[in-house]
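**Student:** Before we start, here is the structure in question, set down as C-alpha cells.
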Amino acid sequence: MSIPILKYSLSTQNQRVDGFEYLPGEEQPKIYTTDDLPTAIEMDEIIWAAYKQIFSEHQILTSTRETFLESQLRFNQITVKNFIKGLLLSEGFYNLNYKVNNNYRFVEMCVQRVLGRDTYNQREKLAFSVVIGSRGLEAFIDLLINSDEYIENFGDNTVPYQRRRIIAQRSKGEIPFNLKTPRMGQEFLIKQNMPQLLWAGPVRQFRPQEQKPKAGDPALFLNMVADVSVIAIN
C-alpha cells in the first residue's frame, strides 16, 4: 500500500506577487506552443525551449538529446506534454539531476521547471519526496504533469515557463529557474571524493595593531625569535 501524499499549505512569501501576465511594463515570457500548427523552424524553437526549460542551457549536450522523442513531436505523434515527460524520465536528466541530488533538492528543481514556480514551503518538498521514496520517480513526474496546476497553465501543447516573478529577483537581479546552473549537493561531492577547499595551514592569532602583547604572551617569544633571525642573517 503506497503512502498518500502529505497535505501542505498552498502559500508562500510570493503569494501576493502578480504573475508576469498581470503587470504592465514587465517583460512577458514567450509562449511556445503547438496550438497554431507551427512551421518547421517554429518547431525547432519549441523543442529548444523544452530542452532549455527542463535541462537548462548548461545541460543541453549531445548526450542529453532525445532524437526519437523529437521526431515523434515533429510528426504530431506525441504532445508537448508527452515530450516534457520523456525528457524528465530520460537517462540524461536522471544522471545529471537526480543521481547527484537528494530528493528535496530534486523536488525543488522539478517543481520550478515543470510547474513554473518555486516550491511553496518545506512541507511541499517533504510531501513530494515521500512520493519519490514510496512510489518511485515516474509516479512523481506523473503527479506533476497530470496535476490540475499543470493542465490549467500549460495544457497538452505548451512548453512550461516561469509563471511568477520572485521577490528576490526584483531586488537582487537573480536569473530564472531554468537558467540556474544545477549544482551537486555537498554530500555528493564528499561521496565522490571531489576536491574540498579546506585550509590546512597553521592557525594564527590576529590582534589589532594598537593592542600590545602582555607579559607571558607567546607573541613576545615569536617576535624575539624573529628579531634574532634577522640579526643572524645580517
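Taken together, the values in this text are just the output of simple stated rules run on the coordinates, not laboratory data. The structure presented is a predicted model; accordingly, all values stated were derived computationally and were not measured. Note that each Cβ is placed from the backbone with ideal geometry, even for glycine, and that neighbours are counted across all protein chains shown.
**Student:** Starting from the Cα of residue 41, step 7 Å along the direction of its Cβ; do the same at residue 91; then give the gap between the two resulting points in nm.
**Tutor:** Once both label points are built, they end up 3.5 nm from each other.
**Student:** Using 0.36 nm per residue, how much length does the chain from residue 76 to residue 102 gain when fully extended, once their Cα-Cα distance is taken away?
**Tutor:** Details: separation 26, 0.36 × 26 = 9.36 nm, distance 3.56 nm.
Taking 0.36 nm per residue and subtracting the Cα distance, the gain is 5.8 nm.
**Student:** Along the Cα-to-C-beta direction of residue 153, a point sits 7 Å from the Cα; which residues of segment 90-117 have their amide N less than 17 Å from that point?
**Tutor:** The answer is 107-117, whose backbone nitrogens lie closer than 17 Å to the label point.
**Student:** Another one. Would you list 62, 33 from fewest to most Cβ contacts within 10 Å?
**Tutor:** Working: 62 6, 33 16.
By the 10 Å Cβ count, ascending: 62, 33.
**Student:** Let me ask something else. Using a simple spin-label model with points 7 Å from Cα along the Cα→Cβ vector, what separation in nm is obtained for residue 68 and residue 33?
**Tutor:** So the label points at residue 68 and residue 33 sit 3.1 nm apart.
**Student:** Quick one: what do you get for segment 61-168 if you divide its Cα Rg by 2.2 N^0.38 Å?
**Tutor:** Details: Rg = 14.1 Å, N = 108, 2.2 N^0.38 = 13.0 Å.
That works out to 1.08 for segment 61-168.
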